[in-house]
Amino acid sequence: MDYFLDEEQMMIKDLARQIADEKVMPIRAELDEKEEFPWEIMKLLAQSDFLGIYIPEEYGGMGRGGFEFCLAVEELSRACLGVSTTYAANALGTYPILLYGSEEQKKKYLPEIASGKKLVAFALTEANAGSDAAGVQTTARLEGNEYVLNGTKQWITNGGEAGIYTVIAITDKSKGARGASAFIVEKDTPGFTFGKKENKMGIRSSSTRELIFENCRVPKENLIGKPGMGFIVAMKTLDSSRTGVGAQGVGVAQGAYEAAAVYALERQQFGQPIISIQAVQHILADMATQIEAARALVYAVAKFIDTKAKDVSKESAMAKLFATDVAMKVTVDAVQVMGGAGYMREYPVEKMMRDAKILQIYEGTNQIQRNVIGQALVKETAKKK
Ligand code: COS
């Protein structure tokens, strides 16, 4: 379908597809097998100015928005979710600075991020704070001109590889969610080390690591926003980034659909290509329809968020929920269309199916997305009464 992209948007989409086809596809199975972090691809994306798509020009970025970022995410995800997770998590880590950072913080960090000199990671999750984001136990105590961080973050994407970390920690225990604050912590800060690297079902080339803070001292200036704003910084960050997860869903589903359709055209059974069999056509028809619906929703929501609308929680949750449920269904169906071949590592769809599962889990499980949507609907309905 034609989404009437402008010239620059077309250029972003085409270049992302070219990188995905020529550089990512040939190595995706090996990256997956070896759990190898895609540094070469990230460097290439940096050279192509892709790490600064959504960063304003005054800070060295391309000056476009979340929609253009989603176009790049979608194309990379069509080839490999491990690579696109690394790329998208970089934006997730950047949003707290972009949305709530001081002018000094933006000037210091955004050019390094836009140029790809340093990667970024977002650190909210802990052993006891997953869906219950307010359950963070990592603390930050103000001592003179420094905050002293103690605690452990878990399952942090880009952990160990990133140079900049946006970290949520508790500055006032008595205030619950309103006692959390957000900080910028640089790699190599004394007291900041990395723990276990996870061995995952999918997105295996992305790095998922523990962050350990032991009396880690960060300058007071590294506080993002005001003390007590950490929960809001985290929620607004997720509101902005969840469409990117939706775009990942659209991309991986598209990749799986294409692989299944081509296979169905070539595979002969009962004296005909299986794509001629109506039972197979119906599966492909559902896959294609769901992908187009997911794409239309993700694009519409990404554009809506780019208007800087005040409250986008419901819409971004809808885009993430719908597109990632589609991704799971479509990748499972792609394996089904391809039968035994689909189950073999020789073909790409078994990896896509393994990779897709995380999309229903990270940046808020799809049950949490339904909660967010449900709560917004209750508020809207009460207002109308
Ligand atoms: N934007 C602005 N404010 C928000 C907000 C948002 N998106 N979401 C919540 N808030 C505010 C609320 O309005 C409330 O403010 P008041 O104290 O003034 O009433 C405050 O933050 C607390 O909100 P709430 O009571 O809804 O918080 P809960 O602890 O119930 O948690 C959910 C809300 C479940 C939505 C939150 O914990 C969440 O998103 N969890 C999933 C986290 C996640 O995505 N984790 C993945 C790891 S990060 S990759």
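The values are calculated or read from the model by the stated rules, or taken from the named source; none is laboratory data. Bear in mind that the values here come from a model prediction, so they are computed numbers and not experimental data. Please note: Cβ atoms are built from the backbone with ideal geometry, for glycine as well, and neighbour counts cover all protein chains shown.
What to note about this one:
For (1) within 11 Å of the ligand (Cβ to nearest atom); (2) out of contact with any Gly (no Cβ under 7 Å at 6 or more places or on another chain); (3) assigned by TED's automatic domain parsing to the domain that holds residue 132, each residue gets a yes or a no:
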{"position": "292", "(1), (2), (3)": "no, yes, no"}
{"position": "310", "(1), (2), (3)": "yes, yes, no"}
{"position": "318", "(1), (2), (3)": "no, yes, no"}
{"position": "325", "(1), (2), (3)": "no, yes, no"}
{"position": "335", "(1), (2), (3)": "no, no, no"}
{"position": "341", "(1), (2), (3)": "no, yes, no"}
{"position": "359", "(1), (2), (3)": "no, no, no"}
{"position": "363", "(1), (2), (3)": "yes, yes, no"}
{"position": "374", "(1), (2), (3)": "yes, yes, no"}
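- For residue 277: the one exception among (1) surrounded by fewer than 19 Cβ atoms within 10 Å (Cβ to Cβ); (2) under 21 Å from residue 377 (Cβ atoms); (3) among the hydrophobic types (A, V, I, L, M, F, W, C): (2)
- Qualifying position, being more than 21 Å from residue 366 (Cα to Cα) and free of Cβ contacts under 8 Å to residues at least 60 places away in the same chain, among 217, 209, 267, 204: 209
- Some residue of segment 60-80 being part of a helix (DSSP H, G or I), over 20 Å from residue 298 (Cα atoms) and touching a residue at least 12 places away in the same chain (Cβ under 8 Å): no
- So residue 383, is it out of contact with any helix residue (DSSP H, G or I) (no Cβ under 7 Å at 6 or more places or on another chain), away from the ligand (no atom under 12 Å from the Cβ) and either of a type in the set (D, E, K, R) or not in a helix (DSSP H, G or I) (or both): yes
- Taken over segment 332-380, the criterion of being more than 21 Å from the chain's Cα centre (by Cα), of a type in the set (Lys, Arg) and part of a helix (DSSP H, G or I) is satisfied by 379 alone.
- Qualifying residue in segment 173-180 (condition: hydrophobic (A, V, I, L, M, F, W, C), more than 24 Å from the chain's Cα centre (by Cα), outside the structural domain of residue 320 (by TED's automatic domain parsing) and within 14 Å of the ligand (Cβ to nearest atom)): no
- Matching option when the condition is touching a helix residue (DSSP H, G or I) at 6+ places or on another chain (Cβ under 9 Å), closer than 12 Å to residue 184 by Cα and of a type in the set (S, T, N, Q), among 94, 125, 139: 94
- Near pairs, Cβ below 7 angstrom, 6+ apart or cross-chain, from segment 328-347 (closer than 12 Å to residue 284 by Cα) to any residue that is buried (at least 19 other Cβ atoms within 10 Å of the Cβ) and polar (S, T, N, Q): 329/290; 330/290
- Selected residue (only one of 341, 334, 376 is within 30 Å of residue 132 (Cβ to Cβ) and either surrounded by fewer than 16 Cβ atoms within 10 Å (Cβ to Cβ) or at pLDDT 95 or above (or both)): 376
- Breaking point among (1) within 13 Å of the ligand (Cβ to nearest atom); (2) in the same structural domain as residue 194 (by TED's automatic domain parsing); (3) among the small types (Gly, Ala, Ser); (4) touching a residue at least 24 places away in the same chain (Cβ under 8 Å), for residue 140: (1)
- Residue that is nearest to the ligand (Cβ to nearest atom), among those in segment 103-132 that are touching a residue at least 12 places away in the same chain (Cβ under 8 Å) and part of a strand (DSSP E or B): 122
- Annotation: residue 223 fulfils all but one of (1) within 11 Å of the ligand (Cβ to nearest atom); (2) within 24 Å of the chain's Cα centre (by Cα); the unmet one is (1).
- Condition met for residue 368 (modelled with pLDDT of 95 or more, within 14 Å of the ligand (Cβ to nearest atom), touching a Ser or Thr at 6+ places or on another chain (Cβ under 7 Å) and under 21 Å from residue 13 (Cβ atoms)): no
- Selection count, segment 275-295, where residues are of a type in the set (A, V, I, L, M) and touching a residue at least 24 places away in the same chain (Cβ under 8 Å): 8
- Within segment 203-220, being surrounded by fewer than 21 Cβ atoms within 10 Å (Cβ to Cβ) and either within 16 Å of the ligand (Cβ to nearest atom) or part of a helix (DSSP H, G or I) (or both) holds for 210, 220.
- Residue 197 fulfils the conditions (1) surrounded by 15 or more Cβ atoms within 10 Å (Cβ to Cβ); (2) under 29 Å from residue 249 (Cα atoms) except for a single criterion, (1).
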